[in-house]
Every structure is written in C-alpha cells, then in structure tokens.
Amino acid sequence: MGIQERIKENLLEEIYSDIDRMYEFMDQNFDLYRERHDQVVKQCDRVKEQFYLIVSNSRLS
C-alpha cells in the first residue's frame, strides 16, 4: 500500500469516526422516535458512502 492510500485510509477513518460521534450525540441528546432514528442512521451511512466515493476517486493535493 502506497503512502497516498494510507493517507486516504486514515482520512476516511477520521471522517467515519466524526460521523459516528455526531450520531452518538444525537442519539444521546434527542428523543428520536423510531422512524426518525432510522432516518438519521440512513443519512449518516449515506454521508459515509459519499465521503468514500470522494476520497477513493480523488487525488490528494
């Protein structure tokens, strides 16, 4: 694995961790009914997918 791939991997790990922290914050501080909770999880997963696509298909500057 090259240096750029490692940097991208570390970047994705950090982004995913931040997204997970946002989810945990919302889960702990808001009383979400089941449907809203499921939507939040779905949106967090969608954001992770988008960041994965951006990082995997873009070159580092």
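So the values come out like this:
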item: Test: MET22 is open to solvent by 90 Å² or more (accessible area, probe 1.4 Å) and not aromatic (Phe, Trp, Tyr); result: yes
item: Candidate set: region 41-61, residues that are assigned to a helix (DSSP H, G or I) and touching a residue at least 40 places away in the same chain (Cβ under 8 Å); chosen: the one farthest from the chain's Cα centre (by Cα); result: SER56
item: Contacts under 9 angstrom Cβ, first residue in region 1-19 being charged (D, E, K, R), partner part of a helix (DSSP H, G or I), 6 or more apart; result: LYS8/VAL55; LYS8/SER56; GLU9/VAL55
item: Flag for GLN28 being polar (S, T, N, Q) and open to solvent by 100 Å² or more (accessible area, probe 1.4 Å); result: yes
item: Condition check for ILE15: at pLDDT 95 or above and either open to solvent by 80 Å² or more (accessible area, probe 1.4 Å) or of a type in the set (Gly, Ala, Ser) (or both); result: no
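The values are calculated or read from the model by the stated rules, or taken from the named source; none is laboratory data. Everything quoted here is computed from the prediction, not taken from an experiment. Positions of Cβ are generated from backbone atoms using ideal geometry, with glycine treated the same way; all protein chains shown enter the neighbour counts. Areas reflect the complete protein model, heavy atoms only, side chains present, ligands, DNA and RNA absent. Shrake-Rupley method; radii C 1.70, N 1.55, O 1.52, S 1.80 Å.
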